[in-house]
Amino acid sequence: MTARLIDGKALAAQLRAALAPRIVALRERGVQPGLAVLLVGDDPASAVYVRNKIKACEDTGIRSVFEHLPAGSSQDALLRKVRALNQDARVHGILVQMPLPKPLDGQAVVEAIAFDKDVDGLHATNAGLTLMGQPHFRSCTPYGVMKMLESIGVDPAGKHAVVIGRSNMVGKPMAMLLLSANATVTLCHSGTKDLASITRQADILVAAAGRRGLVTADMVKPGAVVIDVGTNKTPEGKLAGDVDFEAVKSVAGWISPVPGGVGPMTIAMLLVNTVEAAERAARSQGR
Ligand code: NAD
């Protein structure tokens, strides 16, 4: 069997195009969606991620506000910046690029973001609402994975979904969204014994461990949907996922590539959440 490809790049482009009429409708009500992106320090990978997000905003008609703080910034300075953005009516979404340089406390910064501007879905209130099956903002990467499943007509209901990775940003909210969609979910992590025996039961396998080549062909059930969230660097400096793509594609039914899979979807969902935030703000102002 050769798996069919889940083209995240093409799907992301469709989702972004679908935002255009919503942005026009907001403009007619005197509102331009605005996303503030905060970067602290000079980590080159973070700088690239931030540039990509800002470009995506510009291409889509979302106003971006870029705030760059020096590496040695204090926690207080960062919290002040977040609070000022909370008060700025032109900003509907706030994103703090993670990880923050040590010793800054990333979660404390996220908690300072007004939960209705937390378009990354990382605030404890948003995480809790997702847990309760009543999401306000879904965390962008798992949200993108759910859209990928929808796009290929795979309904998680009744399926066994296995998620590898239990981070607050990806693994846990991924498990919760799949659970809300009525999948039977197994959440695996670095302490899981005999990972392969669990992944082999998966109808839907989401790999989000950040370990290149972790998922090999013998770990995949024939015909399974395999979604690769991992982004790792090869020794040649190329991007690679957690899944051994070449080997797994001959076993899986569907597979997402890296690059061109989950990555573009994460950015698309950030834009979707930002437009949603602007629409809610406009409604609450009676516009
Ligand atoms: P993380 O380091 O916070 O969490 C990794 C998780 O994987 C942990 O819960 C750990 O227990 C688990 N894990 C590690 N090794 C394992 C193993 N051998 N077996 C089973 N579980 C194992 O990372 P994260 O922020 O959740 O990100 C995960 C990966 O996804 C990273 O490669 C990251 O770069 C990538 N990522 C990609 C996107 C995207 O848009 N494509 C977005 C977010 C994260």
(message) Just to make sure I understand: if all protein chains stay in place, what is the order of Thr274, Thr125, Thr184 by accessible area at 1.4 Å, largest first?
(response) Thr184, Thr125, Thr274
(request) First compute the accessible area of the chain with a 1.4 Å probe, then give the percent of it belonging to carbon and sulfur atoms. (result) 54 percent
(request) Over the alpha-carbon set of the chain, work out the extent along each principal axis and list the three values in angstrom, largest first. (result) 52, 42, 36
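Given the DSSP H assignment, sum -39500 (n - 2.57) over each helix run of at least 4 residues in the chain and divide by its residue total; what's the result at 222 nm in deg cm²/dmol, nearest 500? Could the numbers behind the result be given before it?
On the way: 10 runs with 120 residues, N = 287.
Mean residue ellipticity at 222 nm (helix-derived): -13000 deg cm²/dmol.
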(request) Under 18 Å Cα to Cα from Lys55, which lysines show up? Leave out anything in the same chain fewer than 8 places away. (result) Lys9
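Let me have the relative contact order for the chain, percent, based on Cα pairs under 8 Å that are six or more residues apart.
23 percent
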(request) Between the alpha-carbon centers of segment 188-253 and segment 19-38, tell me the distance in whole angstrom. (result) 37 Å
(request) Can you tell me the FRET efficiency between Glu246 and Ala20 if r is taken as the Cβ-Cβ distance and R0 is 35 Å, rounded to the nearest 0.05? (result) 0.40
(message) Give the separation of the Cα centroids, segment 145-185 to segment 72-141, in Å.
(response) 23 Å
(request) Compute the long axis of helix 171-180 from its Cα atoms, compare it with the longest principal axis of the Cα atoms of the chain, and write down the angle in degrees, 0 to 90, nearest 10. (result) 80 degrees
(request) Taking a cut-off of 16 Å between Cα atoms, list the aspartates and glutamates near Lys233, but don't count ones fewer than 8 places away on the same chain. (result) Asp43, Asp242, Asp244
(message) Under the 0.36 nm per residue contour assumption, what length would be gained going from the current alpha-carbon distance of Thr125 and Lys9 to full extension?
(response) 38.7 nm
(request) Using the charge dipole of the chain (Lys, Arg: +1 at Cβ; Asp, Glu: -1 at Cβ; taken about the Cα centre), state which of Gly210, Gly223, Val31 has its Cα farthest towards the positive end. (result) Val31
(request) Would you mind counting up the charge near Leu78? Only other residues with Cβ under 14 Å from its Cβ, with Lys and Arg at +1 and Asp and Glu at -1. (result) 0
(request) Before anything else, pin down the relative contact order of segment 132-287: Cα pairs under 8 Å, at least 6 apart, normalised by residue count, whole percent. (result) 21 percent
(message) If DNA, RNA and ligands are ignored and the probe is 1.4 Å, what is the ranking of Met148, Met98 by accessible area, most exposed first?
(response) Met98, Met148
(request) Would you calculate the separation in nanometres between label points at Thr216 and Gln134, each defined as 7 Å from the Cα along the Cα-to-beta-carbon direction? (result) 4.7 nm
(message) Taking the solvent-accessible surface of protein heavy atoms with a 1.4 Å probe, what is the per residue accessible area of segment 140-236 in Å²?
(response) 44 Å²
(message) For the ranges 189-197, 46-54, what's the packing order if you count other beta-carbon atoms within 10 Å of each residue, average per peptide, and put the highest first?
(response) 46-54, 189-197
(request) Report, to the nearest 10°, how far helix 140-151 tilts away from the longest principal axis of the Cα atoms in the chain, using its own Cα long axis and a range of 0 to 90°. (result) 50 degrees
(request) Order Phe115, Phe137, most accessible first, counting only protein heavy atoms with a 1.4 angstrom probe. (result) Phe115, Phe137
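The values are calculated or read from the model by the stated rules, or taken from the named source; none is laboratory data. From a predicted model like this one, the values you see are computed outputs, not experimental measurements. As a convention, Cβ positions derive from the backbone with ideal geometry for all residues, glycine included, and neighbour counts pool all protein chains shown. Protein only, heavy atoms only, side chains kept; ligands, DNA and RNA dropped before computing areas. Shrake-Rupley method; radii C 1.70, N 1.55, O 1.52, S 1.80 Å.
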